[in-house]
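The values are calculated or read from the model by the stated rules, or taken from the named source; none is laboratory data. These figures come from a predicted structure and were not determined experimentally. Note: ideal-geometry Cβ built from the backbone for every residue, glycine included; neighbour counts use all protein chains shown.
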Amino acid sequence: MVTETSAATPFATTLPGRYYYDPALYQREQERIFGRMWVCVGRADAIPRPGDYLTVDLAGESVIVVRGHDGAINAFLNVCRHRGARLCTERCGHVTGAIQCRYHAWSYGLDGRLLGAPNIRDMDGFDRAAYGLIPVACALWGGLVWLNLADDPAPLAAQIDAAILQRFGELETVERYRLDELAVGHTIVYDLACNWKLVVENFMECYHCAITHPELSHFVPSFKAGLAYQQGVGARFSDGVDSLTVSGKTNRPPLPGLLPQDLRTYYGFVLLPNVFVNLIPDHVVIHTLWPEGPTRTRIVCDWLFDPAAMAQPDFDPMDAVAFFDLVNRQDWEVCELCQQNMASRAYQDGGLYVPLEAHIRAFNDFVLARLEE
Amino acid sequence: MVTETSAATPFATTLPGRYYYDPALYQREQERIFGRMWVCVGRADAIPRPGDYLTVDLAGESVIVVRGHDGAINAFLNVCRHRGARLCTERCGHVTGAIQCRYHAWSYGLDGRLLGAPNIRDMDGFDRAAYGLIPVACALWGGLVWLNLADDPAPLAAQIDAAILQRFGELETVERYRLDELAVGHTIVYDLACNWKLVVENFMECYHCAITHPELSHFVPSFKAGLAYQQGVGARFSDGVDSLTVSGKTNRPPLPGLLPQDLRTYYGFVLLPNVFVNLIPDHVVIHTLWPEGPTRTRIVCDWLFDPAAMAQPDFDPMDAVAFFDLVNRQDWEVCELCQQNMASRAYQDGGLYVPLEAHIRAFNDFVLARLEE
Amino acid sequence: MVTETSAATPFATTLPGRYYYDPALYQREQERIFGRMWVCVGRADAIPRPGDYLTVDLAGESVIVVRGHDGAINAFLNVCRHRGARLCTERCGHVTGAIQCRYHAWSYGLDGRLLGAPNIRDMDGFDRAAYGLIPVACALWGGLVWLNLADDPAPLAAQIDAAILQRFGELETVERYRLDELAVGHTIVYDLACNWKLVVENFMECYHCAITHPELSHFVPSFKAGLAYQQGVGARFSDGVDSLTVSGKTNRPPLPGLLPQDLRTYYGFVLLPNVFVNLIPDHVVIHTLWPEGPTRTRIVCDWLFDPAAMAQPDFDPMDAVAFFDLVNRQDWEVCELCQQNMASRAYQDGGLYVPLEAHIRAFNDFVLARLEE
């Protein structure tokens, strides 16, 4: 068990260093967190037409996410039931009518049913219905596709709403940003040399902002003081700052439906296990984390805008992209510096959270609780 | 133990997925299959003169295969008996008279005897005869060199003949092709990202031919129907097809000694653990597999011809090479697609063999039996 | 336990092959040899001014070696006490006054004390004195910096003097070369594909010199006979040879303080675990070994000269550098040839030491004794 405090301080401790590099603990996380929770795998509007598909790697499984003829999105293990061949080999693509294996031509419908297997007749005693693609639970929230590899998962909304209620005390603030009606204006993919939890812990506190993010702290004074994650409270911009862009200005109007209290305000929150949401008056930044090993994390960062604003002839997302890309890279650098010492004897019992970071311990306890399940 | 059938089908199952990626099972295969059976390591005519040598990696050992002064081929561990230095460092080469270590100049004859060790006199109590190179069993079949790392192996012929008898019911068909009198016209080396057993299983069935090999199936109609591996039966070519070349034609006569029943006919067979033989009227294609890790396989493919045909001024092997190279690459692609899903939960109990593939199960049972020995 | 002799010979055996590649044995060596002994990490004159620092990787720890305001050199784990971030990220550099973490701006003095931590007041119950950098024992000998990760190590001199007394029977010979007054004229870093112990064993014997080092043996006749490491005896140069340079000549005078018996003489010795010293009349060559994995070793080779000689307008170190670089590369090649066979069945019980190498066994016994501690 992890001790909450050390002899020299009343402060909470981080997880011991081994939680950030041990392959066995990573494997356990993959099984018990990413293999059992709803995990975000991308934007639903990336596959708008029937037959459009994504393939994603989730907790060791390749999964096909495909829009069916009825317009609904389904997900299946990307494994032919015959000899196990990988079916879809591109990250995204389109199939017309059926998913066919390149090895022996077994073919499956967009609903996963086995449509045909050459040279096998049902009279051979072959129960065709038993050899459809293996389904994976799939649901939508905020325009995002979420998968759950568990056999009988609870509804997605239960997981999402609990996280939002804990952060905001209500659901309305987030709903005002109508995430499912926004569109992607730009995407950057980052490869980090650190454990995914270091990135979550970094996102959850602003004690580092004054030194790591001078530009951001200049625009958001409460960040300079290290304040973040107060329940239900947004972070107000400095006078003259209207958005988190390079200039602090923007030619985009606020997102439709926002209230006056949302203007010149930033809200950030985490949807465990793998999404960060950043609400800004005229755009939204969403980070999706993909653990790729005990000490590797891939992060997909999407900048979302109102489609009406994107249709304007002078629309240019890059003032927003350049700003948060800078903030991102500042964070990734310090996360990687921490990773380098996780195996040090100095960190075998973990480090400590100062009072401004104390709330992060709840994330560590969430991880420990999941690993014990 | 592996269950032979699943609830939903009377068909045989493949090995569970872990047999295709687990490092411990791979190590066990290396010890109990490649470390105890006769394994083909190349063509004897690659080292024609006394002093010519090959070095090969077999089941973790580097082995020198060298032709002696008496013309016979011998094999030894490539390890100096003094401090263990690697002796021969090239894949093939020539030594004159002795194999000398570059570290302290210990020298060994082509028969492995320790010839000299500087500064050591037998009067020191040193038993020179005990420090010759460690021999490895070596024998020839079909112009191929076979090694056996076991201490006291059964004769090579017992292993080879059993395989041929099981496939053909007699030895004469294969003998007619006089493999040891053919010569290499071309060689291609392939590196595959899959376990060696997937390649064997692929070679043993033609259920995939219609979809994976349209060109080959066009030339060999029974392949289009998925037929392969019937005892004692060759696969007949289509009308107008004389050889497996790009055009289906050839300017090479049939190999000397073939019977009318061999013309316009293909015979394929496996010599476990690591050779595929493809008999074609005017040439022979031999695949030699080298497992290079749980999920890596190197394949050396030799195209063999009658030396008399090779001496013709218009001899060109490339019509034959291009055709089987195409077939090879089609197979490697699907083998690699299977490898990608071996660790999926969908394959933890294996896939299944349809009736046209049912004979492959015998290969899986061979592997299981060997691993238990 | 390791058997000292085999049935066929009265000679001593080497360590079994697994000691040269097994990751678990390597880890044990790292803990019990490199984690508990004084280990050389470089030259003290590389950090001449207060605030100059080196970072080194020792037994899995990143260590800062920094010269303080009082001119003394101190060493600390390169780990921020707050969240574990790596503090100094360059191999060498300079800090002015304090070492500051880039994550949350905790800052430490050159003596390791925590100077400041933003937003934390001692009145919070925070004991600032308990959060200084974790010190690592640091001492100097021969102008070299030595670290010891043990909690309460014996003095460095005890370790060094014992090694010199064993080799020379006295301390005066080495003292005459005044290593701490010499300066680096040239440095070459080598990356070897072998275990560090093979390099030590290679350095300790000259049975290989006649074949591996023809140039060196030509200059030092006793090496041609395989003689090395006789207690208290230096190796005399051939007639007409004054130094170990490409020509055997040099325009540099002997180092100040040498006695007539030191001229035209080479002394070599090992300071376990990781230094080789080569005393030559006009210069000194020092090898520092860094194990970088079971089968990887980095070697830093410094050529040291008298600063007075280096100040001469015609000073050129390259005649000396080119010669010993040749000798080095000859050695590294044979060490790597041995590494390649350490996992062979032929070496599972080790090789053997002939009488000219018998003294190396003491090094092997040192390793075994340390691993058992």
Search result, residues across the stretch A:122-149 that are aromatic (Phe, Trp, Tyr) and over 15 Å from the mean Cα position of the chain (by Cα): A:Phe126, A:Tyr131
Residue in the stretch C:336-345 that is part of a strand (DSSP E or B), touching a helix residue (DSSP H, G or I) at 6+ places or on another chain (Cβ under 7 Å) and buried (at least 20 other Cβ atoms within 10 Å of the Cβ) present: no
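Do we have A:Gly93 as surrounded by fewer than 18 Cβ atoms within 10 Å (Cβ to Cβ) and over 18 Å from the mean Cα position of the chain (by Cα) here?
Working: surrounded by fewer than 18 Cβ atoms within 10 Å (Cβ to Cβ): yes; over 18 Å from the mean Cα position of the chain (by Cα): yes.
For A:Gly93, the condition - surrounded by fewer than 18 Cβ atoms within 10 Å (Cβ to Cβ) and over 18 Å from the mean Cα position of the chain (by Cα) - is met.
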Residue satisfying all of: in the stretch A:205-224; assigned to a loop (DSSP other than H, G, I, E, B) and more than 11 Å from every other protein chain (Cβ to nearest Cβ); nearest to A:Gln261 (Cα to Cα) among these: A:Val220
Matching option when the condition is among the small types (Gly, Ala, Ser) and under 30 Å from A:Gln27 (Cβ atoms), among A:Ala308, A:Ala346: A:Ala346
Filter pass, C:Arg329 being of a type in the set (D, E, K, R) and in a helix (DSSP H, G or I): yes
Test for A:Val321: is it in contact with a Lys or Arg (Cβ under 7 Å, 6 or more places away or on another chain) and at pLDDT 95 or above: no
Selection count where residues are facing chain B (nearest Cβ under 9 Å) and either in a loop (DSSP other than H, G, I, E, B) or touching a residue at least 60 places away in the same chain (Cβ under 8 Å) (or both), scope the stretch A:67-112: 14
Number of positions in the stretch A:11-34 that are in a helix (DSSP H, G or I) and either free of Cβ contacts under 8 Å to residues at least 40 places away in the same chain or of a type in the set (D, E, K, R) (or both): 7
Those residues of the stretch B:250-264 which are free of Cβ contacts under 8 Å to residues at least 60 places away in the same chain and more than 17 Å from B:Glu170 (Cα to Cα), in sequence order: B:Pro253, B:Pro254, B:Pro260, B:Leu263, B:Arg264
So C:Val79, is it surrounded by 21 or more Cβ atoms within 10 Å (Cβ to Cβ), within 20 Å of A:Asn202 (Cβ to Cβ) and aliphatic (A, V, I, L, M): yes
Residue within the stretch B:331-347 that is touching a residue at least 60 places away in the same chain (Cβ under 8 Å), away from chain A (no Cβ under 11 Å) and over 29 Å from A:Cys88 (Cβ atoms) present: no
Some residue of the stretch A:133-148 being closer than 30 Å to B:Cys206 by Cα and either more than 12 Å from every other protein chain (Cβ to nearest Cβ) or surrounded by fewer than 18 Cβ atoms within 10 Å (Cβ to Cβ) (or both): yes
The stretch B:225-275, subset part of a helix (DSSP H, G or I) and more than 26 Å from the chain's Cα centre (by Cα), residue surrounded by the most Cβ atoms within 10 Å (Cβ to Cβ): B:Gln261
One residue from B:Ala137, B:Ala130, B:Ala163 being assigned to a helix (DSSP H, G or I), among the small types (Gly, Ala, Ser) and in contact (Cβ under 8 Å) with a residue 12 or more places away in the chain: B:Ala163
One residue from C:Leu272, C:Leu192, C:Leu244 being in contact with a Cys (Cβ under 8 Å, 6 or more places away or on another chain), under 30 Å from B:Ile120 (Cβ atoms), among the hydrophobic types (A, V, I, L, M, F, W, C) and away from chain B (no Cβ under 14 Å): C:Leu192
Residue check for C:Arg298: surrounded by fewer than 18 Cβ atoms within 10 Å (Cβ to Cβ), under 20 Å from the mean Cα position of the chain (by Cα) and modelled with pLDDT of 95 or more: yes
Failed condition for A:Glu170, given (1) under 21 Å from A:Phe305 (Cα atoms); (2) assigned by TED's automatic domain parsing to the domain that holds A:Val275; (3) not in a helix (DSSP H, G or I): (1)
All positions within the stretch A:346-360 that are buried (at least 16 other Cβ atoms within 10 Å of the Cβ) and under 15 Å from C:Leu77 (Cα atoms): A:Ala346, A:Tyr347, A:Gly350, A:Gly351
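Take the stretch B:301-312 and flag every residue that is crowded, with 18+ Cβ neighbours inside 10 Å and either more than 11 Å from the chain's Cα centre (by Cα) or not assigned by TED's automatic domain parsing to the domain that holds B:Val334 (or both).
Matches in the stretch B:301-312: B:Trp303, B:Leu304, B:Phe305, B:Asp306, B:Ala309.
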Failed criterion for A:Gly293 (all others in (1) touching a residue at least 60 places away in the same chain (Cβ under 8 Å); (2) surrounded by 22 or more Cβ atoms within 10 Å (Cβ to Cβ); (3) more than 14 Å from chain C (Cβ to nearest Cβ) hold): (2)
Verdict on C:Asp57 being over 30 Å from B:Arg81 (Cβ atoms), out of contact with any Cys (no Cβ under 7 Å at 6 or more places or on another chain) and assigned to a strand (DSSP E or B): yes
Residue check for A:Met37: in a loop (DSSP other than H, G, I, E, B), of a type in the set (A, V, I, L, M), modelled with pLDDT of 95 or more and farther than 30 Å from A:Arg128 by Cβ: yes
